[in-house]
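The values are calculated or read from the model by the stated rules, or taken from the named source; none is laboratory data. All values reported here derive from a predicted model rather than from experimental measurement. Cβ sites come from the backbone with ideal geometry, for glycine too, and all protein chains shown count toward neighbours.
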Amino acid sequence: MPLWRRKSLHERLAEEGGVVFGPETPAHDTYPQWGEAGIHGLHRPREWDALVGAEAPGIAGERARFVALPDGTLVVEEGDEDQDLAGLAEAVEASLQPPYRAEAVRQGEARWTVGARSIEVIELLDAMGEELTLTMREGVRELVVDGARAFGGVPDLERLAEGRHSSYVARAGRLDGDLWEVELHPL
């Protein structure tokens with residue numbers, strides 16, 4: 001440093017604190033870190049196809065989960081099965097037709113908020129278990145029933161999936177009897 005230049009106060013304090021200024025100090029990176037959480041620019045996937053408020057007195061509990069089948073029958077998954085959730089279903093069906101999966105949360109004494117998303121429901125005759133995962137990749141089939149590998153196939157599920165994709169993962173969960181909720185994901 002030239003003799004005629006005095007160090008500024010911030011430089012003197014920084015040196016006393018052990019911070020060194022000079023050419024050996026790398027410059028601070030001012031460019032955005034695009035990989036950081038919340039900065040990548042991708043939106044979170046939409047969770048609900050319909051989000052509605054409903055007045056439904058007489059329902060006990062703080063939460064309810066149910067599935068509306070194509071014929072309008074309600075299958076209660078969380079909450080008292082003897083309760084009439086028709087008021088919640090009516091509010092949803094003003095925006096979304098069955099079949100759908102819905103979750104309701106109490107907002108007051110008789111006020112509920114209900115989120116629902118469309119689902120695909122098919123009939124699988126003679127299917128075993130409660131959860132199926134069928135993977136088809138380059139003509140090789142793998143079937144998992146309730147978490148364990150299984151032999152054979154599920155012809156109705158295979159026909160549904162092969163009509164749309166050649167390589168796929170199809171997941172199915174039993175709703176009621178021979179009715180199953182199906183998710184199909186291409187590979």
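Observations, loosely collected:
- Count of region 93-113 residues which are touching a Leu at 6+ places or on another chain (Cβ under 9 Å) and surrounded by 15 or more Cβ atoms within 10 Å (Cβ to Cβ): 6
- Selection status of ILE39, assigned to a loop (DSSP other than H, G, I, E, B) and modelled with pLDDT of 80 or more: no
- Condition broken by GLY147, with the remaining ones in (1) closer than 16 Å to GLU183 by Cα; (2) at pLDDT below 95 satisfied: (1)
- Selection status of ASP126, in the same structural domain as VAL182 (by TED's automatic domain parsing) and assigned to a loop (DSSP other than H, G, I, E, B): yes
- Taken across region 76-84, residues that are polar (S, T, N, Q), in contact with a Gly (Cβ under 9 Å, 6 or more places away or on another chain) and outside the structural domain of VAL182 (by TED's automatic domain parsing) do occur, with at least one present.
- Among the residues of region 130-160, those that are surrounded by fewer than 16 Cβ atoms within 10 Å (Cβ to Cβ), touching a Lys or Arg at 6+ places or on another chain (Cβ under 8 Å) and in contact (Cβ under 8 Å) with a residue 12 or more places away in the chain comprise GLU130, GLU131, GLY153.
- Selection within region 52-84 - more than 20 Å from VAL121 (Cα to Cα) and surrounded by 14 or more Cβ atoms within 10 Å (Cβ to Cβ): VAL52, ALA54, ALA56, ILE59, ALA64, GLY79, GLN83
- Filtered residues of region 145-187 (kept if in contact with a Pro (Cβ under 8 Å, 6 or more places away or on another chain) and small (Gly, Ala, Ser)): SER167
- Residues (under 24 Å from the mean Cα position of the chain (by Cα) and over 19 Å from VAL121 (Cα atoms)) located in region 149-169: SER167
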